[in-house]
Amino acid sequence: MHYENANELFLTNVSSWHHAGFRGQHVDIVSIEEANMAHFEFKGRVKNPFGETESKDQHGQFVFQSILEFAPECTIHMVPNSYSSRSGRPIEDDMVDKVFPFIKENNIPIFTSSRQGSKMTHPGGKKQREILKQFIDHHGLTCITAAGNDREIFGSEDAFKDVFLGNPDLINVGAVHLQQDDTDKLDEWEVNKASYTNKGDGIDVLMVSNLMLSSFDSSKRKHTGTSFAAPALTGIIALIQSYARVKIGRFLWQDEILNIIKDNMHKINRGVDDFREEVGLFILPEFKEFDIFKYLVEGRDKKFPDTQEFNDKAATRMANLGLLKGYPDGTFKPNNKLSRSDMSLVVCRLLDMFYNI
């Protein structure tokens, strides 16, 4: 983490969540980017699941660093936004044939893009968009995208131009900058809309940009753009998902995440009129005051029909975590004894969950 970004982490309450022990651990993120995984800032946290040709693309390096500034212990899976290095097919095919199955098989809770995707005039773009919506609505995937830097009015008329940019099914992130006005007191600093960010009804939330990030040659400078605001929010959501996994045994779905965001958006100093009235900078709630249970939607926990007389919450949490899966008929059979073989299976699942061994 760059100490130069400490104010942004403090302002968004990320520092308090880090101190509480939640740094994005055990949360996987799929990111539509390209980069060289040997970058010293990645510290082994960026993976290349499809063995694509690596690139020294500066944009991807900075996007991944932005995520890791806020969630330093998450795992990022790189999916390039170009052509497959092995098959020569366009990314539309790889998204449908490889990326979406990978997300489902590995229970990945977050998908993010800071690049433009396929145009909706392209048949592949339409298919991608349909599948993204299915994953959001039926598999609990949270999808985050940069809102763009064109200084345009960003509304419903833009919604069908791009798979990611302007897609109303995704969380569109605009950018703000933290500005010091001759004071060392952080609560007296101004938070202003970045001049470059798109505006209008299509923006869902604002997040800090203008972060200090490192190039491949170790030189550092501030980087601006919604391309870095969206990954900053992605990292913050990873902290919430890390906590949810421990507290309730499952990841939150996008509508649950959105309700947390809506309850914790704060007005900015300048540029407030460029967005819907309710849109502001998302600041994590104080860790000790955060009540995750008020945001849970009924019907998403694994329930057994025969555990009501026992500790239903314990059985549900174990099932959500995948440690106990019940019997083929859907029951838990709480009076059955646990064999040594069963216990060995649970321990192996625990080891796999926390240590990947």
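The values are calculated or read from the model by the stated rules, or taken from the named source; none is laboratory data. Fair warning: this is a prediction, and the values are worked out from it, not measured in the lab. Note: ideal-geometry Cβ built from the backbone for every residue, glycine included; neighbour counts use all protein chains shown.
Just a few scattered comments:
- Of all residue pairs spaced 6 or more apart or on separate chains, those with beta-carbon atoms under 8 Å, a first member in the stretch 251-265 that is more than 13 Å from PHE293 (Cβ to Cβ) and a second member that is among the hydrophobic types (A, V, I, L, M, F, W, C) and in a helix (DSSP H, G or I) are PHE251/ALA244; TRP253/ILE136; GLN254/ILE136; ILE257/ILE237; ILE257/ILE240.
- Strands (runs of 3 or more DSSP E) wholly inside the stretch 197-291 that include at least 1 residues being more than 17 Å from the chain's Cα centre (by Cα) and assigned by TED's automatic domain parsing to the domain that holds PRO72: 211-214, 220-223
- Boolean, VAL63 is touching a residue at least 40 places away in the same chain (Cβ under 8 Å) and under 25 Å from ARG250 (Cα atoms): no
- Boolean, LYS47 is under 29 Å from GLY249 (Cβ atoms) and surrounded by fewer than 19 Cβ atoms within 10 Å (Cβ to Cβ): yes
- Filter result (assigned to a helix (DSSP H, G or I) and either touching a strand residue (DSSP E or B) at 6+ places or on another chain (Cβ under 9 Å) or modelled with pLDDT of 90 or more (or both)) within the stretch 164-196: LEU186
- Scope the stretch 258-278; condition aliphatic (A, V, I, L, M), touching a strand residue (DSSP E or B) at 6+ places or on another chain (Cβ under 8 Å) and over 14 Å from VAL173 (Cα atoms); matching residues: ILE268, VAL272
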